[in-house]
Amino acid sequence: MSEDQVDGLGMSRPRDANYGLDVMDLRKIMEHHKHEGYEYIQEKYGGVLELCKQLYTSPNEGISGSPVDLEDRRKTFGSNVIPPKPPKTFLQLVWEAIQDVTLIVLIVAALISLGLSFYPRSEGEGSDSSESEAGWIEGVAILGAVVVVVLVTAFNDYQKEKQFRGLQSKIEHEHQFSVIRGGQDKNIPVGEIVVGDIAQVKYGDLLPADGLLIQSNDLKVDESSLTGESDHVKKGVKTDPMMFSGTHVMEGSGKMLVTAVGVNSQTGIIFALLGASSEEGDKDKKKEKKDKNRLKGEEGNGGTRTNMAGQNTPYIDSITPVITGNNSHNNATNANNKTANQGEEDEKEQKAKVETARKEKSVLQGKLTKLAIQIGYGGTAVAVLVVLILIVKFCVIEFGIEGKSWGADDTAIYIETFVFYFIIGVTVLVVAVPEGLPLAVTLALAYSVRKMMDDNNLVRHLDACETMGNATAICSDKTGTLTTNRMTVVQSYIGRAHHKSTPNFNSLAPPLQDLIVRSIAINSGYTSRVLPDKDGGLPQQLGNKTECALLGFILDLGQQYYPIREEVPEEALFKVYTFNSVRKSMSTVINMKFGYRLFTKGASEIVLKKCNYILDCDGKPKPFTMEDQEKVVKNVIEPMAGDGLRTICVAYKDYHTDSSTKTEDSEEILKPDHDWEDEDSVVRNLTCILVVGIQDPVRDEVPASIKQCQSAGITVRMVTGDNVNTARSIATKCGILTPHDNFLVLDGKEFNKRIRDAKGEVSQELLDKVWPDLRVLARSSPQDKYTLVKGIIDSKKSSSREVVAVTGDGTNDGPALKKADVGFAMGISGTDVAKEASDIILTDDNFTSIVKAVMWGRNVYDSIAKFLQFQLTVNCVAVMVAFFGACIINDSPLKAIQMLWVNLIMDTLASLALATELPSPELLKRKPYGRTKALISRTMTKNILGHSIYQLIVVFVLLFAGNNLFEIDDGKYAKIHAPPSQHFTIIFNTFVMMTLFNEINARKIHGQRNILEGLRRNPVFIGIWIGTFVAQIILVQFGGTVFSTKALTLDQWFWCVFLGVSTLLWGQIITTIPTSVIPKNICRKRKTPEVEDEEEEEVEEVDGMPGRRGQILWIRGLARLQTQIRVVNAFQMDFDTSQLDSYDKRSRPSVISLQSLQSAQHRSAISKKPNLASSPEIDEGNNRSPLFGRQDSIPYADE
């Protein structure tokens, strides 16, 4: 045995030999294109097979796959990984957290206060020694609170980034590709592919490395990610053997020799260039950044920062996440292409992006943006008013009424007073804006995404999670989604006899026996296999399930298909016409002694129309007239379809090169100049061998799930490639149709006839007459699916726009998946292209998982609403107390450090507690919220106002009468640095207790009385609530001067807790009050759609116009989003590919790289506007982040 032969099969480099090519040689090969590449390889190396020898690999057995050989190849040619950019350090995250405008203002004010406390004062008023000693404490306490907030924020970010890096790495590791190693087909992670591997490419794959074709069957590739040309490129060993990473296989199959991986591939080279150029650009931009406003969204590269994945992303302009890309192949090339013609085109693109961005917010995002801006305006107004009232009142009393003058010795005291008032104003602003809202949104989405993975929903775009909660329509595939996708042949029509069970093989005529076995074994994807189960259970089906059913039929007949495939290996196939959505069939041509034989299989009514002959019981071809065809359709195919069976027809045709060998009329003499590329002239005048009925049972849980959807106000429609009768039968079994319904069941032909006008164009008016009653669309093409989805979304027939979810698994489902508000791709049967176009991947291909996604989506919406109800009550009370306190007693009963505790600490904990509620089945017992419904409902408004009134009454009673009720010293009108009083401590403690118990009330937002229901299912809430309570006890009893508290007695604690518990009782009283007492227009002002559009545009312009940005500079929620949004970006890694328009440009990283696109944004000189994928008007040129998985074989008529 030679030294390069390892483990019997596969090759590896001998120890004493070197590879015949190095990295640069392989790079040079891949720089050639099309036929030029073939000629270069032939001239310099003698062909691809000679290259295989020089790389020590076998075109049939591949490399050995031994660890030593793999390591040797990685060392020589590199690994299929683009090195990631190092993660941010903890100190970098601390620096980012401290950039917040409001925190900076607090720090400056605290430092001034601290400095003034050490300023020497004159003898007299305000010189009390205890007050002087305490003067520095407030400044230090505020600084300490800021440090705690910054450290907590940075630590949270660090933990989140670490978790999401691990999650992203895990997801990308799940993307596998088929290679041949040691003579065996193996699926390996794309990061483990090495130079010399023989990769098997097929329909729907996204290539993970560069390579050269060894063998191909009807192979067409979409190279638009590299060239910008949308036309599919036909590949062939002699015509165009060059295969590039990041391109999509749109048709056919083949094998390729991997020649370049990772940074050495064409895409990797571009990345290296992008990385180098952006590093230089970074240095130039740093100086510019220093002079720019932190919140100002720059239009160029200067406005980018590196997110958790090491990518360049714009600063946060609003509550909408900025989505950037992490595409390690397509996008790098796109960015590279852009450098050639930027200038005016970039400006036009940027303007276009601003326009389209106005329409790209998801439902929740849009509502939160408006709410945050409104609260920001209100909070700023109150804060400014508080500061002005305090300063004016002080000046009037001090200098007007008491007649004092501002002496040099009093400067420190007066400035310190003004700083004290300013700090109160800033803290009012801090409290006024929902500080915890961004965190609550992020936590709710991230928590839901993590939990949804357990429910077989792999969420690729966070916003799709909440958008799904508003879904009003689901357009679902049939096969694998509503059915089990475990297919078996249960009926057959052979030799003009209809068999309701598997026939006896020996009873069939010998010609029939041979043709049945050979036609199925050869004319199926060779990756489709049926293997016996190791535990003795049902056979394991690998590859396309329809083909597996046919192969299983051969096994049920007592025959084997492997010997046939060994006799006719894939390399020996003369011509293959692979399945696509237009053909709805597959054909294979093989060499025979007399010439050629064509095998065809596909949708029964389509293949039968091409049959002029049919085999009789003796295996002899007999004429098959139109009348005979109609009889077969009526007596065989329709009854099979009525039983819910998918019908497949198998046929053949013989082509003779010599007329002397022809024996039957069904055979044809081959012309010398016959064009095998002309499929229509080849696949015709066929002879029918058999028709089979394939059973694919409805999943047991699907009928109940569809019933849940219907009760939740969601319309389920089936869109399938099967014929009408099969589709109607399955839809009835699922519950989509009921016997007495008048809903429409149409096939693609009739659907198009009804929706197109006289010019043949789709009419929205005609479509609006069809879609409301349409429940089943059969024999549909991907274009039909797209037309239906677009028509439903664009329709104005409903009171509010429909929110549509779509499932898809085929490459051509991409447009519909992208157009939909939420696109679901099949994780098992779906192609890479479909997964990239999707928002969520169903890892089990099960419709029930879609229903779980609806539950989680509604739960996210409710979690945010719960937090808002709680947060706005706290903010309303705190702001009113601070405001009226300033007006009446020249001070806020809640001190600055106390409000920081309430806002920055407790609200953060509350957001975590309320965002981790698990969904309950009752979520599916109500209709979707809809796009126009106010985020804060009338019930929530009633609760917020009711609890605010109760808490304000309690606080003001304690403020003005508390000292008498508890017989303690009056804390009002105290001097600036006076020691803490029990009076104000009781007010602070009671307010916190009422807030804590109101947190329990806030768990219910729909007027439910049982507020404790489901509490035990949320240990996070219980733990945080108890922890906050304990922290409050410690803070009150031991906080002292630092937290402006004085220890309370047990009796005082009892009253504080009693007033807090009373909030629960008050909540029951509020629930009793009818919601109708709240005017409708308090929550939603009715507008025409045009007015709504104008308002949305105006909101976006606040983000986009520098002149108006100063108006919202103080909005803490918007500014703080920068520390939370990187979590969103971990999932929403979409890079700008605005020059590309087709659906499949949103490519995933075929080379594993978490941060591989860190520099591309700089190169493109474009900073994206907020852009969310859930909106149907999403920019067609926007790439989405990647996902993963593959499909083992071609789909059939259902797809």
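The values are calculated or read from the model by the stated rules, or taken from the named source; none is laboratory data. Only a predicted model underlies this, so the values are computations on that prediction, with no experimental measurement involved. So basically every Cβ, Gly included, is an ideal-geometry build from the backbone, and we count neighbours across all protein chains shown. Please note that ligands, DNA and RNA were not included when accessible areas were found on the heavy atoms of the full protein model with its side chains. Shrake-Rupley method; radii C 1.70, N 1.55, O 1.52, S 1.80 Å.
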Only one of (1) open to solvent by less than 10 Å² (accessible area, probe 1.4 Å); (2) closer than 28 Å to Val517 by Cβ; (3) part of a strand (DSSP E or B); (4) in contact (Cβ under 8 Å) with a residue 60 or more places away in the chain does not apply to Tyr652, and that is (1)
Only one of (1) surrounded by fewer than 16 Cβ atoms within 10 Å (Cβ to Cβ); (2) touching a Lys or Arg at 6+ places or on another chain (Cβ under 8 Å) is not met by Gly536, so which one is it?
(2)
Across the stretch 995-1018, what is the number of residues that are part of a helix (DSSP H, G or I) and among the basic types (Lys, Arg)?
2
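Would you point out which residue out of Val201, Val221, Val195, Val179 is at pLDDT 85 or above and assigned to a loop (DSSP other than H, G, I, E, B)?
So the residue among Val201, Val221, Val195, Val179 that is at pLDDT 85 or above and assigned to a loop (DSSP other than H, G, I, E, B) is Val195.
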Which helices (runs of 4 or more DSSP H) does the stretch 14-54 wholly contain that include 1 or more residues that are touching a helix residue (DSSP H, G or I) at 6+ places or on another chain (Cβ under 6 Å) and under 18 Å from Val194 (Cα atoms)?
23-30, 48-54
When you scan the stretch 831-851, do you find a residue that is farther than 26 Å from Gln176 by Cβ and either of a type in the set (Lys, Arg) or out of contact with any His (no Cβ under 7 Å at 6 or more places or on another chain) (or both), even just one?
yes
Could you tell me how many of the residues in the stretch 985-1004 are open to solvent by 10 Å² or more (accessible area, probe 1.4 Å), out of contact with any Gly (no Cβ under 7 Å at 6 or more places or on another chain) and at pLDDT 90 or above?
1
State which residue pairs qualify: first residue open to solvent by 20 Å² or more (accessible area, probe 1.4 Å) and inside the stretch 941-965, second residue of a type in the set (Phe, Trp, Tyr) in any location, beta carbons under 6 Å apart, and separation of 6 or more residues or different chains.
Tyr950/Trp1066
Output the residues belonging to the stretch 448-479 that are in a helix (DSSP H, G or I) and polar (S, T, N, Q).
Ser448, Thr467, Asn470
Taking only the stretch 622-649 into account, find how many residues are within 21 Å of Ser666 (Cα to Cα), in contact with a Ser or Thr (Cβ under 6 Å, 6 or more places away or on another chain) and assigned to a helix (DSSP H, G or I).
0
Going through the stretch 58-96 one residue at a time, which ones are touching a Ser or Thr at 6+ places or on another chain (Cβ under 7 Å) and of a type in the set (Ser, Thr, Tyr)?
Ser64, Ser66
Can you find a residue that is modelled with pLDDT under 75, within 30 Å of Ala805 (Cβ to Cβ) and in contact with a Gly (Cβ under 8 Å, 6 or more places away or on another chain) anywhere in the stretch 365-381?
yes
Residues in the stretch 949-972: is at least one under 36 Å from the mean Cα position of the chain (by Cα) and of a type in the set (A, V, I, L, M)?
no
Which count do you get for residues in the stretch 668-709 that are more than 30 Å from Phe594 (Cα to Cα), in contact (Cβ under 8 Å) with a residue 12 or more places away in the chain and either hydrophobic (A, V, I, L, M, F, W, C) or surrounded by 14 or more Cβ atoms within 10 Å (Cβ to Cβ) (or both)?
14
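For every residue, the table says whether it meets (1) in a helix (DSSP H, G or I); (2) open to solvent by less than 10 Å² (accessible area, probe 1.4 Å).
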position: Leu766; (1), (2): yes, no
position: Pro772; (1), (2): no, no
position: Gln783; (1), (2): yes, no
position: Ile793; (1), (2): yes, yes
position: Ser800; (1), (2): no, no
position: Ala805; (1), (2): no, yes
position: Leu817; (1), (2): yes, yes
position: Ser829; (1), (2): no, no
Across the stretch 669-727, what is the number of residues that are closer than 24 Å to Ser581 by Cβ, out of contact with any helix residue (DSSP H, G or I) (no Cβ under 7 Å at 6 or more places or on another chain) and small (Gly, Ala, Ser)?
3
Of the residues that sit in the stretch 198-227 and are of a type in the set (Val, Ile, Thr) and either open to solvent by 10 Å² or more (accessible area, probe 1.4 Å) or farther than 25 Å from Glu677 by Cα (or both), which one is farthest from the chain's Cα centre (by Cα)?
Ile214
Go through (1) over 30 Å from Met250 (Cβ atoms); (2) open to solvent by less than 40 Å² (accessible area, probe 1.4 Å); (3) touching a residue at least 60 places away in the same chain (Cβ under 8 Å) and name the single condition Leu557 misses.
(3)
